[in-house]
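To keep things clear, I will list the structure first and then write my remarks on it.
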Amino acid sequence: MSSSRRNFFQDAMLFGAGLVGLSTRLEAETTSDSRARRRTASPPASGTPPIPMIAPDVPDLPFELDGAIKVFRLNAAPLKLKIAPFKTIDAWGYNGSCPGPTIQITQGDRIRVIFENSLPESTTIHWHGLEIPIDQDGVPFISQKPVPPGGTFTYEFTVHQEGTFFYHAHSAMQEMIGLIGMFIAHPKTAHLPHVDHDYGIVLQEWAVLPNNSVPNTASMEFNWLTFNGRSAPATTPLLVRLGSRVRLRFVNLGMDHHPIHLHGHQFVITGTEGGRAPESTWYPTNTVLVGVAQSKVVEFEAKYPGAWMIHCHLPHHMMNSMSDLLRDRQIQTADSTDPRALSQMETLSRAIGVEHIHHSPIADNANSVPGFPQDAFMEMPMDAAVDKPENYGLPVNWSAGMMGMMTMLRILPDGQYDQIRRRIRERKPTAPPPDHHHG
Ligand SMILES: [Cu+2]
């Protein structure tokens, strides 16, 4: 890779890697990591507390204790969400995150959520799947008055269930602009068999026309599909140790169903939005349909080393839509008269043999011509524009042009696993780029 190409990308992008909550996440990963390490020596005894779930690119919501009550604070507000290199949308979220930060508690906890509304309109929070008193249900006009702009509301209830739940605004269009987050109620002692890694992914759909940033929340024609608020290759790979047991939790609060497929392994469905499923119901499969308003939990042994794709199998959803995205998928046209951009495109074209890239150059006034572009760079992959330690060692063009609901499950032998964890702790990006990597 030429250094000019690298510089171009470094100039052109830079991901909000979800630095908020990073320390929480790292701490959680370290815990999970030590469990995974211990497992190879001797498996944890039954009665062990569960490991925390990790949702890549989404922070955990911290809490304070008021006596025995866990007190959380949520603030709904508009935000900018960078869902892919060169594509930032105007979403709404909680505490600066979309999806909202994950609430993780233990079955039996009493919690208080102090909610503040910084939206320009009223809203409420519904606790999806939780068996709580009607006055905590968060349905405007039925269980409470809508919380006006600038208003606050305090929710407080005891959670007697365990499982993968979620919270969301109780208005369809507010949900579709991002007001949703995961709510994980862990059992007091871990389910058996023990898992070494526990990952969560929120599935979302967005209808954002080219050159626009505001999702059309009334649309059913989605052109951007995200895992935890990112489209591939901006999604963060899930790292697991070879030989470990893995739990993945998928939450869908959108308008389409998503058949999520894992490559190279069979899994069993161990839970739904209603909690843990009895082991007698487990059967081997490798695609799980995560319907609207559902969560699905799957578990498997990470038997085979490699970078295995996890993706929605609807072609439109794994790719993001194709023709709609002409302008969004290419290198910014504003930069196309930049000699660096042009040489970069040519380099890529040679490196990975992508046919459409050579349709550059474009006219100086291209951006002022209505309808431009119609034939440019459609297959431009963006993998090299994403630089994070979790991607270290992945081959060039690892996303294979999939730019929607796709991420990687990286099953790594101990040495490689520890090396990448070290890079994450030191926050080293992928550089040197994979194609120049001799390690
Ligand atoms: Cu899908």
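The values are calculated or read from the model by the stated rules, or taken from the named source; none is laboratory data. In this text the structure is predicted, and so the values were computed from the model without any measurement. As a convention, Cβ positions derive from the backbone with ideal geometry for all residues, glycine included, and neighbour counts pool all protein chains shown.
When the residues of the range 278-296 are narrowed to those that are crowded, with 19+ Cβ neighbours inside 10 Å and touching a Pro at 6+ places or on another chain (Cβ under 9 Å), which ends up nearest to Met220 (Cα to Cα)?
This residue is Val290.
Check Ile132, Ile177 and return the single one that is out of contact with any Leu (no Cβ under 9 Å at 6 or more places or on another chain) and over 27 Å from Thr106 (Cβ atoms).
Sole residue among the options that is out of contact with any Leu (no Cβ under 9 Å at 6 or more places or on another chain) and over 27 Å from Thr106 (Cβ atoms): Ile177.
Please find, among Glu221, Glu175, the residue that is out of contact with any strand residue (DSSP E or B) (no Cβ under 9 Å at 6 or more places or on another chain) and either of a type in the set (S, T, N, Q) or farther than 24 Å from Trp398 by Cβ (or both).
One residue alone meets the criteria, Glu221.
Does any residue of the range 139-156 turn out to be within 21 Å of Glu273 (Cα to Cα) and within 26 Å of the chain's Cα centre (by Cα)?
No: zero hits.
Select from the range 192-237 the residues that are in a strand (DSSP E or B) and away from the ligand (no atom under 16 Å from the Cβ) and list them in ascending order.
His197, Asp198, Tyr199, Gly200 - these are the residues of the range 192-237 that are in a strand (DSSP E or B) and away from the ligand (no atom under 16 Å from the Cβ).
Conditions (1) modelled with pLDDT under 95; (2) surrounded by fewer than 14 Cβ atoms within 10 Å (Cβ to Cβ); (3) under 20 Å from the mean Cα position of the chain (by Cα); (4) farther than 17 Å from Ile184 by Cβ, marked per residue:
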{"site": "Gly47", "(1), (2), (3), (4)": "yes, yes, no, yes"}
{"site": "Ile54", "(1), (2), (3), (4)": "no, no, yes, no"}
{"site": "Leu61", "(1), (2), (3), (4)": "no, no, yes, no"}
{"site": "Glu64", "(1), (2), (3), (4)": "no, yes, no, yes"}
{"site": "Phe72", "(1), (2), (3), (4)": "no, no, no, no"}
{"site": "Pro78", "(1), (2), (3), (4)": "no, no, yes, yes"}
{"site": "Phe86", "(1), (2), (3), (4)": "yes, no, yes, yes"}
{"site": "Asp90", "(1), (2), (3), (4)": "no, no, yes, yes"}
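Give, as residue ranges, the strands (runs of 3 or more DSSP E) completely inside the range 257-308 that count at least 3 residues that are of a type in the set (D, E, K, R).
294-301
Taking strands (runs of 3 or more DSSP E) that do not extend beyond the range 70-161, which have at least 1 residues that are closer than 24 Å to Ile54 by Cβ?
Correct list: 87-94, 100-106, 110-117, 125-128.
Of everything in the range 250-285, what is polar (S, T, N, Q) and within 20 Å of the chain's Cα centre (by Cα)? Give them in sequence order.
In the first step, residues of the range 250-285 are kept if they are polar (S, T, N, Q); the result is 252, 266, 270, 272, 280-281, 285.
Of everything in the range 250-285, those that are polar (S, T, N, Q) and within 20 Å of the chain's Cα centre (by Cα) turn out to be Asn252, Thr272.
Got at least one residue in the range 265-277 being within 15 Å of the ligand (Cβ to nearest atom) and either of a type outside the set (S, T, N, Q) or crowded, with 24+ Cβ neighbours inside 10 Å (or both)?
no
Return the residues of the range 119-134 that are surrounded by fewer than 16 Cβ atoms within 10 Å (Cβ to Cβ) and under 22 Å from Glu273 (Cβ atoms); say none if nothing qualifies.
If the condition is that a residue be surrounded by fewer than 16 Cβ atoms within 10 Å (Cβ to Cβ) and under 22 Å from Glu273 (Cβ atoms), then Glu131, Pro133, Ile134 are the ones that fit.
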